[in-house]
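Derivation of every value follows stated rules applied to the coordinates shown; laboratory data play no part. On a predicted model such as this, the values are computed, not experimentally measured, just so you know. All Cβ positions, glycine included, derive from the backbone under ideal geometry; neighbour counts span all protein chains shown.
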Amino acid sequence: MPIGYFSVALSMFTPCSGVATVFSRGAYILFLEMPRLTEALLIRGRLAKRIRDEAEKLGVSVDEYLVDLLSQGLDPRDRALEYVEAAEDLLEEARKELDKGNMRQAAEKLWGATALTVKAYAYRKSEKRLTSHSELWAYTKDLIEELGEWANDSWNAGNAMHTCFYEGWCARKHVELALKRIEKLVYEVASRIKNNPHR
């Protein structure tokens, strides 16, 4: 996998099918998956700190922040698809972190998957861009009304993982149970978007 230093604006990249980040020793390693190419970029120093700070200001994971940047300029239907595919990728990353025993990183990935799924649904249903935690909360009322009360359990599990990441309070069992609930939400929304991208 080629590794290079990340020195250009993130928004200059073309949309990709997968984004994953790993934070290690004060640097982010950003993995971009594109057709027939996987690129790893090392992001460190001030830029790594700025990415983390900007994500924290918005109340989102680094993965979610990067997906937002990388999908700017897409029409809402394409953006919904990018978001839900990134959410599926984050589920896989969460499973890997869980296997490694890294509850906080697994929790962060699960929160990111949850938030991106709600954003994807909002784009698909109403072409609405959700940009804050409060907008996510407000929109989940529509999501729950349309999908059913189980979606509320999934949303709450995602929020618990958000808290887990920042506070580090959750045990493996909490993350495993949240994963099951969040998977259901991600896969249901993914099915709706992929099987009927035009609503």
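Just to check I understand the Karplus step: with θ = phi - 60° and J = 6.51 cos²θ - 1.76 cosθ + 1.60, what whole-Hz values come out for the stretch 161-169, glycine and proline as x?
3J(HN,Hα) across the stretch 161-169, in whole Hz: 5, 4, 5, 4, 4, 6, 9, x, 8.
What does the highest-first list of 53-66, 76-89 look like by mean Cβ count within 10 Å?
Numbers: 53-66: 18.9, 76-89: 22.4.
So the order, starting with the most tightly packed, is 76-89, 53-66.
If Lys and Arg each add +1 and Asp and Glu each add -1, what is the summed charge of the other residues whose beta carbon sits under 15 Å from the beta carbon of Tyr187? Mind dumping the intermediate values first?
Numbers: positive: Arg95, Arg124, Lys180, Arg181, Lys184, Arg192, Lys194; negative: Glu85, Glu88, Asp89, Glu92, Asp153, Glu183, Glu188.
Summing Lys/Arg as +1 and Asp/Glu as -1 gives 0.
Expected output is a single nm value to one decimal: the length gained when fully extending between Arg95 and Gln72, i.e. 0.36 nm times separation in residues minus the C-alpha distance. What is it? Walk me through the numbers on the way to the answer.
Details: separation 23, 0.36 × 23 = 8.28 nm, distance 2.77 nm.
Fully extending the segment from Arg95 to Gln72 adds 5.5 nm.
Run the simple label-point estimate for Lys57 and Asn102 please: 7 Å along Cα→C-beta, distance reported in nm.
With each label point 7 Å from Cα toward Cβ, the separation is 2.6 nm.
Name the shape class, rounded, prolate or oblate, that the alpha-carbon gyration tensor gives for the stretch 65-166, where a ≥ b ≥ c are the square roots of its eigenvalues, rounded holds for a/c under 1.5, and otherwise prolate holds if a/b is larger than b/c and oblate otherwise. Numbers along the way, then the final one.
Values: a/c = 1.98, a/b = 1.31, b/c = 1.51.
In terms of gyration-tensor shape, oblate.
For Arg44, enumerate residues with amide H under 5 Å from its amide H, sequence gap 5+ or separate chain, H modeled in the peptide plane.
Result for Arg44 returns Phe6, Tyr28.
If I model a spin label as a point 7 Å beyond the Cα along the Cα-Cβ vector, how far apart are those points for Asn196 and Glu149 in nm?
It is 2.4 nm.
I'd like the Karplus ³J(HN,Hα) series for the stretch 42-49: coefficients 6.51, -1.76, 1.60, θ = phi - 60°, whole numbers in Hz, and an x wherever there's a Gly or Pro.
In residue order, the calculated couplings are 8, 10, 9, x, 4, 5, 4, 5 Hz.
Obtain the nm distance between the two label points defined at Leu42 and Glu135 by a simple spin-label model: each point lies 7 Å from its Cα along the Cα-to-C-beta direction.
Distance between the two pseudo-spin positions: 3.6 nm.
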